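Chemist: Can you keep this structure in mind? I'll have questions shortly.
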Amino acid sequence: MGTWGPGAYSNDIAKDLKSTITAVCRLPLDTCELVDIIVNSFPEAANDTNDEDHTTFWLVLADQFHRKGIESRDLFDRAIDFVDSGKDLDMPFVTEMGPADQRKREKSLNKLRNQLTQTLPSKA
């Protein structure tokens, strides 16, 4: 997978994942079922903590659910933990970035963290 920038959506899996999430969230299912379908669509990234896309998977999933107004406190807490622990910033694709891009990534993650602690936007 390719990474082309410091943002959470600046790689191939994030683009693919966003499209999948949009499609799956149209289904009349509860939150756990939606997460299961999405996890099963990207099993390596979702389940393998050593996979380079692991943190991106969970960060993008949490961000998209929050933006869509889908409550999933466990999912949001998992993403917040990735930010707080620095696990994402320790991933090889981030450590290979220059210092300026690493700071941009950190700033982007902190913004996401703050959003995930806010009340969900009201959606139709």
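Chemist: Return the residues of region 65-94 that are at pLDDT below 90 and touching a helix residue (DSSP H, G or I) at 6+ places or on another chain (Cβ under 8 Å); say none if nothing qualifies.
Modeler: Within region 65-94, the subset at pLDDT below 90 is 86-94.
Matches in region 65-94: LYS87, ASP88, LEU89, MET91, VAL94.
Chemist: ASN11: within 30 Å of PRO99 (Cα to Cα), of a type in the set (S, T, N, Q) and at pLDDT 95 or above, yes or no? Give the derivation first.
Modeler: Numbers: within 30 Å of PRO99 (Cα to Cα): yes; of a type in the set (S, T, N, Q): yes; at pLDDT 95 or above: no.
No: the conditions fail for ASN11.
Chemist: Just give me the residues in region 78-105 being touching a Phe, Trp or Tyr at 6+ places or on another chain (Cβ under 9 Å) and part of a loop (DSSP other than H, G, I, E, B), in sequence order.
Modeler: Listed by number, the list is empty, since nothing qualifies.
Chemist: Whether any residue in region 73-89 is among the aromatic types (Phe, Trp, Tyr), crowded, with 16+ Cβ neighbours inside 10 Å and touching a His at 6+ places or on another chain (Cβ under 7 Å) is what I want to check.
Modeler: As a first pass, look at region 73-89 and keep what is among the aromatic types (Phe, Trp, Tyr): 76, 82.
Narrowing further to those that are crowded, with 16+ Cβ neighbours inside 10 Å: 76, 82.
Then drop every residue that is not touching a His at 6+ places or on another chain (Cβ under 7 Å), which leaves 76.
Among the residues of region 73-89, at least one is among the aromatic types (Phe, Trp, Tyr), crowded, with 16+ Cβ neighbours inside 10 Å and touching a His at 6+ places or on another chain (Cβ under 7 Å), which makes the answer yes.
Chemist: Of these, LEU112, LEU59, LEU116, which one is closer than 20 Å to SER19 by Cα and in contact with a Phe, Trp or Tyr (Cβ under 9 Å, 6 or more places away or on another chain)?
Modeler: On the way: LEU112 fails: in contact with a Phe, Trp or Tyr (Cβ under 9 Å, 6 or more places away or on another chain); LEU116 fails: closer than 20 Å to SER19 by Cα.
After applying the criteria, what remains is LEU59.
Chemist: In addition: Just need a number here: residues in region 8-33 that are surrounded by 14 or more Cβ atoms within 10 Å (Cβ to Cβ), farther than 25 Å from GLU106 by Cα and of a type in the set (A, V, I, L, M, F, W, C).
Modeler: Qualifying residue count, region 8-33: 2.
Chemist: Something else about it: Sort out which residues of region 95-116 are touching a residue at least 40 places away in the same chain (Cβ under 8 Å) and either closer than 29 Å to GLU33 by Cβ or buried (at least 16 other Cβ atoms within 10 Å of the Cβ) (or both), and write them in order of number.
Modeler: MET97, ASP101, LYS104, ARG105, SER108, LEU109, LEU112, GLN115, LEU116
Chemist: Moving on. Any idea which residue in region 36-58 is modelled with the highest pLDDT, counting only those that are open to solvent by 40 Å² or more (accessible area, probe 1.4 Å) and among the β-branched types (Val, Ile, Thr)?
Modeler: ILE37
Chemist: Of the residues LEU75, LEU34, LEU17, LEU59, which single one is part of a helix (DSSP H, G or I), within 19 Å of MET97 (Cβ to Cβ) and touching a residue at least 12 places away in the same chain (Cβ under 8 Å)?
Modeler: Working: LEU75 fails: within 19 Å of MET97 (Cβ to Cβ); LEU34 fails: within 19 Å of MET97 (Cβ to Cβ); LEU17 fails: within 19 Å of MET97 (Cβ to Cβ).
None of the other options fit; the residue is LEU59.
The values are calculated or read from the model by the stated rules, or taken from the named source; none is laboratory data. If you're wondering where the values come from, they're calculated on a predicted model, not measured in any experiment. Cβ atoms come from the backbone with ideal geometry, glycine included; neighbour counts cover every protein chain shown. The area values use the complete protein model at the heavy-atom level, side chains included, leaving out ligands, DNA and RNA. Shrake-Rupley method; radii C 1.70, N 1.55, O 1.52, S 1.80 Å.
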